[in-house]
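The values are calculated or read from the model by the stated rules, or taken from the named source; none is laboratory data. All values derive from a computational prediction rather than experimental measurement. Glycine gets a Cβ as well: all are built from the backbone with ideal geometry, and neighbour counts include every protein chain shown.
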Amino acid sequence: MRRVSIFGATGSIGQNTIDLIRRDPDAYDVIALTGGRNIAQLARDAIEMRADIAVTAFDELLPELTAALAGTGVVAAAGEAALLEAGARPADWIMSAIVGAAGLAPGLEALKQGASLALANKESLVCAGALVLETARQNNARLLPVDSEHSAVFQALVGEDISAVERIVITASGGAFRDWPLEALRNATLEQASSHPNWDMGQRITIDSASMFNKALEVIETREYFGVSPRQIEVIVHPESLIHALVGFKDGALMAHLGAPDMRHAIGYALHWPDRRDLPVSRLDLAQVSQLNFRAPEHARYPALRLAYAVMERGGLSGAVFNAAKEQALDAFIAGQIGFLDMAGIVEDVLTRMETQPGLIDAAMTLDNVMHTDQMARHYAVEAIKQRAG
Ligand code: NDP
């Protein structure tokens, strides 16, 4: 039996992972499930999966979780230390699907014990790519991409040498506002930004798709994961979301990965890697698809992309600044404090402000320095949000 843990089990990726595991319960020994505020879901899944331990990230929710698990044999735990402890519990395969920078530290614990880490939490690589990769290398742990674009590139590279790669093209649906007049974006509402044309995902990543902050994070993730230079990474708007990524080789060949927009493909590939197993995803009927469309992303519509390239050029801890400022700006948009277009402005303000402080961005990439930079960026973002809101 393979020992598996799922961080962020109550979220969209976590639930899709559980769906795959549920189909073959005898193959897996579930060690730890973690969640946040959705205690009912966490308890239900932990009992069904016979997990050893269920962890909520929030201390104040421990009594509720303990009560829900009473008499079931599943241990209840809460808080940051318990999340780290869950990461350190011996397991063969761990899904990293906490949303945001909060996923970084538990993921590092998983790598330290040498587990294979299926990385949906792209923020880990954006904030601390070198640290994550080095921790994996030192502990002989494997990182398996779960973002559909990165899974697609990973699959296109099987049997290939990365030095033969000329470019990596990742596709973007263009999000909820791809066809809106630019002037209308200023007044885009939370509800409008929270609906994705093709994918069914968590609310935060759906809004990040409308702003292309999600694609911006993925561009940085591509650089970190595959070690290519920023100029080798291209983004193309592909409204059908059927091609997830393409890899261009030195001989001019372009290998595309196609599939229905269903995260269970990428999750299943990471779960069964290096094998391919039958997965419950629909098969494409190309005659019915009939055509695939592409267009270059408009820079005025998606300023987040320009910022991502600036962050990659700058390097150091600027990815942690970018992500933290983005998370704060997104919270403020969700809370109705700022408009849709303010998010990119706030992130740019924070990047500029922190850039000018000597030694900050160029500090060594340790977990402490990353978290310190993250906290500072959040603080500056809150100030920038107040300015814009006020
Ligand atoms: P969701 O918002 O659906 O789920 C997030 C998970 O993290 C939930 O289990 C949530 O708990 C938990 N959580 C929230 N806050 C914290 C915290 N502070 N500490 C610990 N746990 C917390 O997100 P998604 O599943 O959509 O995304 C998860 C990750 O996967 C993100 O990094 C995202 O970018 C990435 N990803 C998602 C894709 C998708 O299709 N959804 C596609 C590719 C990548 P609770 O709900 O109980 O509060």
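For residue 301, the criteria (1) at pLDDT below 95; (2) assigned to a helix (DSSP H, G or I) hold in every case but one, which is (2). Taking residues in region 313-338 that are on the phi > 0 side of the Ramachandran plot, and partners anywhere that are among the hydrophobic types (A, V, I, L, M, F, W, C), the pairs with Cβ atoms closer than 9 Å and at least 6 places apart or on different chains are 315/361; 316/360; 316/361; 316/363; 316/365; 336/190. Checking each residue of region 179-200 against the condition of being within 16 Å of the chain's Cα centre (by Cα) and either within 16 Å of the ligand (Cβ to nearest atom) or not hydrophobic (A, V, I, L, M, F, W, C) (or both) gives at least one match. For the residues 97, 70, 91, the requirement of being away from the ligand (no atom under 16 Å from the Cβ) and either touching a Gly at 6+ places or on another chain (Cβ under 6 Å) or without any contact (Cβ under 8 Å) to a residue 12 or more places away in the chain (or both) singles out 70. Checked against (1) more than 9 Å from the ligand (Cβ to nearest atom); (2) surrounded by fewer than 24 Cβ atoms within 10 Å (Cβ to Cβ); (3) not polar (S, T, N, Q), residue 43 meets all criteria but (2). When residues in region 358-369 are screened for being surrounded by 11 or more Cβ atoms within 10 Å (Cβ to Cβ) and of a type outside the set (A, V, I, L, M, F, W, C), 3 of them pass. Residues in region 325-349 that are surrounded by 20 or more Cβ atoms within 10 Å (Cβ to Cβ), more than 17 Å from residue 390 (Cβ to Cβ) and of a type outside the set (Lys, Arg): 6 in all.
If you go through region 100-130 and pick out every residue that is more than 17 Å from residue 326 (Cα to Cα), near the ligand (Cβ under 10 Å from one of its atoms) and not small (Gly, Ala, Ser), you end up with 2. Among the residues of region 355-364, is any more than 30 Å from residue 264 (Cβ to Cβ) and in contact with a Pro (Cβ under 6 Å, 6 or more places away or on another chain)? Among the residues of region 355-364, not one is more than 30 Å from residue 264 (Cβ to Cβ) and in contact with a Pro (Cβ under 6 Å, 6 or more places away or on another chain), which makes the answer no. All of 256, 296 fail the test of being surrounded by fewer than 14 Cβ atoms within 10 Å (Cβ to Cβ) and of a type in the set (A, V, I, L, M), apart from 296.
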